[in-house]
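Take a look at the structure below.
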Amino acid sequence: MDRDEENETAAVHADYSEETSAEIAAPGVYNRSVDRDEENETAAAGRGVGYAALALSILSLFVLPVLFGATGIVLGFIARRRGSESLGGWAIAIGAISIIVGMFILPFF
């Protein structure tokens, strides 16, 4: 090959060095049902954690108030964060009452 042919070939390759895959690819489709499913799964998970927190808080009224009460409070906060406001709130309140009663009132009886 000549020097001119090499320069011409290099010029042709330089002109076509762009990436064109974005023009060939199919456009993305947004599916709104995916977002709704995630919200429902989060609410269901929050409800499950809320019931577990409430069960532990109620159990703490009878057995190991500090351990089960604290666990119920922590799970109650997790349940509230995941969308189960009322179950989480009840679990937190019952767990706190159980700890207070177990530490300050029951030792006197």
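The values are calculated or read from the model by the stated rules, or taken from the named source; none is laboratory data. Just so it is clear, the structure is predicted and the values come from calculations on it, not from any experiment. Accessible surface is based on the protein model in full, side chains and every heavy atom, while ligands, DNA and RNA are left aside. Shrake-Rupley method; radii C 1.70, N 1.55, O 1.52, S 1.80 Å.
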- Ignoring any ligand, DNA or RNA, what whole percent of the accessible area of region 42-109 comes from carbon and sulfur when the probe is 1.4 angstrom? 77 percent
- With every protein chain present, what is the per residue accessible area of region 45-109 (1.4 Å probe, Å²)? 62 Å²
